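Structure record follows, encoded as structure tokens.
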Amino acid sequence: MALPFIVVHFKTIPPRIAFLQHTIQSWLMQSVRVDQIVISVRETYRHFGKLDTSMLTIYKKLSDRISIQVLEGEEKYGPNDKIIGALTYANKRPMYIIICDDDLFYHEDTVKSYMNDIKSLPSTILTHYAVKGERLPRIQHIQGADTYLLPPCFFEKVNVSDYIDFLDKSAKACPEIFYQDDYMISFYAKMVCHIDIKIVSKPLLFRPVHFIEELHQHPFVHQRERNTITYLLGLYK
């Protein structure tokens, strides 16, 4: 049986571009080969101004498997660009896309750990999220830092413009969704697309590249989560 076409995708912002080599190298060194590594950036950023794409040129020289994708417009969806970038790249083509963060060095067997479940559950979203149970009722929650894998059926069912409309409408009711991409995609996949989410039992190993622990200690992170969950629960009715 031929291996599926595997793409790794992450989004980044200008202050993190200088640290990307470690994350990229961890995907180039996988025991199961990654077919493409796609890095999504925005044309402009509300806090950083217009992107200098020359900063990314050095990474394209590391491998012909690395692609830089510049998304149109200003960054107004924050971490949700992980999904927008993946949808833009896939554009209905059959592939599996692993979503990850841009500031972690991933274990060399990360792709390999998904292979058995891809064979047995080809239409299921898989995630290495370490916390068992459901943080959002009726939905198994995925986590970008731990990686998650989107199957081909996701890209067949989801249109990028529809997902952006979903984010725009949600942001008007709950501005905190800007920061809560994992909750938003978990809800959309399960409740709108009716795609199951399964936690891969094998623990995923990774290590920080720089200041991720400090980022996760944002003083308002728990309030943002509670507000987002309350909003999404209201959509069930």
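Is it the case that some residue within the stretch 41-57 is over 24 Å from V221 (Cα atoms), surrounded by fewer than 18 Cβ atoms within 10 Å (Cβ to Cβ), modelled with pLDDT of 95 or more and not hydrophobic (A, V, I, L, M, F, W, C)? No, every residue in the stretch 41-57 fails to be over 24 Å from V221 (Cα atoms), surrounded by fewer than 18 Cβ atoms within 10 Å (Cβ to Cβ), modelled with pLDDT of 95 or more and not hydrophobic (A, V, I, L, M, F, W, C).
Once the stretch 1-29 is narrowed to residues that are part of a helix (DSSP H, G or I) and aromatic (F, W, Y), the residue that is farthest from C153 (Cα to Cα) is F19.
Of all residue pairs spaced 6 or more apart or on separate chains, none has beta-carbon atoms under 7 Å together with a first member in the stretch 177-196 that is over 15 Å from L87 (Cα atoms) and a second member that is surrounded by 23 or more Cβ atoms within 10 Å (Cβ to Cβ) and among the charged types (D, E, K, R).
Check whether at least one residue in the stretch 43-51 is of a type in the set (G, A, S) and under 28 Å from A171 (Cβ atoms), and report yes or no.
Scanning the stretch 43-51 turns up at least one residue that is of a type in the set (G, A, S) and under 28 Å from A171 (Cβ atoms).
Applying the selection to the stretch 59-81, what residues are surrounded by fewer than 12 Cβ atoms within 10 Å (Cβ to Cβ) and either under 20 Å from D101 (Cβ atoms) or not basic (K, R) (or both)? Residues satisfying the conditions are D64, E72, G73.
Do any helices (runs of 4 or more DSSP H) entirely within the stretch 139-237 hold 2 or more residues that are of a type in the set (K, R) and either modelled with pLDDT under 75 or over 30 Å from Q25 (Cα atoms) (or both), and if so, which?
Of the helices (runs of 4 or more DSSP H) lying wholly inside the stretch 139-237, those with at least 2 residues that are of a type in the set (K, R) and either modelled with pLDDT under 75 or over 30 Å from Q25 (Cα atoms) (or both) span 160-173, 221-235.
Scanning the stretch 30-50 for residues that are in a loop (DSSP other than H, G, I, E, B) and farther than 28 Å from R93 by Cα gives R46, H47, F48. Within the stretch 101-118, residues that are over 13 Å from I37 (Cβ atoms) sit with their Cβ atoms under 6 Å from residues that are among the small types (G, A, S), at 6+ positions apart or across chains, in these pairs: D101/G144; D101/A145; F105/S26; E108/S31; D109/S31; K112/S31.
The values are calculated or read from the model by the stated rules, or taken from the named source; none is laboratory data. Since this is a predicted model, take the numbers as computed values, not measurements. A quick note on method: Cβ atoms are made from the backbone with ideal geometry, for glycine too, and the neighbour counts reach across all protein chains shown.
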